[in-house]
Amino acid sequence: KKGQAIVDLNYAAIDAGKTDIKFAASETSYDLSAASINITRSMHINGEVVNGKYPVVKIKQLDLAGEIGTLLIENLELTGGDCLLNVAGQVTAKQIVVRNCVVDGLAKSIYYNANSTDAQKATSVTSLVLKNVVAKNLGSGQGTIDIRAGAYTNISVEHCTIVGGRDFIRADKGFVTGGINVDNNVFDGANNGKNSNGILYVRSEGLSYSA
């Protein structure tokens, strides 16, 4: 009951427009997997680190839409679910950052921008960053970072460990206009499944790459 009360408080804080959501250290996990969580503004979602351990949060997915500005997710172990970050509507963002996290057991993507709606196609993100992330037991339902629409300037993946997944980065033609930086990472089976197109399935032209 106490754990559920804390979960309910976190839902309420997000719904109320709070921009700094912090999960306290806990011996038990927080279960937020009943429904997707809507992110529609700048937010900092983080956890209290005790003895090097992150709070464990069970999720379904975070649905992004609106003038997000900066979204920072850090110091959490995020488990289960379909996608961690899913572009559900038109997003305008300066920075979307996931750092110092463990992501475990996603069926599909850490980040997904589909091309199903005009709103998804109109998404604009300056910088998408994964840093110091351990992603494991990833499913092969989509690319780990899967961008099929929108306008992205830069993607950076640094000091991460990626285990599983279908395509590590899928970027369809014309949707990433600046550079892709992949620096000091470990990949293990990051191109799994019969529909895999390799670790880098990038069809955008004129990009700069660094590794």
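The values are calculated or read from the model by the stated rules, or taken from the named source; none is laboratory data. Because the structure is a prediction, the values reported are computed rather than measured. FYI the Cβ positions are ideal-geometry reconstructions off the backbone, even for glycines, and counts take in every protein chain you see. Each accessible area value is taken on the protein alone, full model and side chains, heavy atoms only, with ligands, DNA and RNA left out. Shrake-Rupley method; radii C 1.70, N 1.55, O 1.52, S 1.80 Å.
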### Helix 2-15 axis, angle to the chain major axis (alpha carbon atoms, nearest 10°)
50 degrees
### Query
Under 17 Å from the 7 Å Cα→Cβ point of ALA13, by amide nitrogen: which residues of segment 71-105?
71-78
### Summary
Projected onto the charge dipole of the chain (unit charges on the beta-carbon of Lys, Arg, Asp and Glu, signs +1, +1, -1, -1), the Cα from PRO55, THR79, TYR30 with the largest positive-side position is that of THR79
### Task
Kindly sort ASP167, ASP63, ASP20 by accessible area of their heavy atoms, largest first, with the probe set to 1.4 Å.
ASP20, ASP63, ASP167
### Query
What is the log10 of I(q)/I(0) for the chain, computed with the Debye formula using one identical point scatterer on each Cα and no solvent, at q = 0.13, 0.14, 0.15, 0.19 Å⁻¹?
-0.68, -0.79, -0.91, -1.48
### Query
In Å², what does the accessible area per residue of the chain work out to with a 1.4 Å probe?
45 Å²
### Summary
Taking the alpha-carbon centre of each part, the distance from segment 127-165 to segment 53-121 in Å is 10 Å
### Message
Here is the link list: LYS58/LYS121; LYS22/LYS60; LYS18/LYS136; LYS94/LYS173; LYS58/LYS108; LYS108/LYS131. Which ones come out longer than 27 Å on Cα distance?
### Response
LYS58/LYS121; LYS18/LYS136
## Note on the structure
Largest fluctuation, ASP118, ASP172, ASP82 only, Gaussian network model of the chain with Cα springs under 10 angstrom, belongs to ASP118
### Query
Going by the alpha-carbon gyration tensor, a ≥ b ≥ c the square roots of its eigenvalues, is segment 78-138 rounded (a/c under 1.5) or, if a/c is not under 1.5, prolate (a/b greater than b/c) versus oblate?
oblate
### Task
Report in % the part of the accessible area of the chain that belongs to carbon and sulfur, leaving out ligands and nucleic acids; probe 1.4 Å.
46 percent
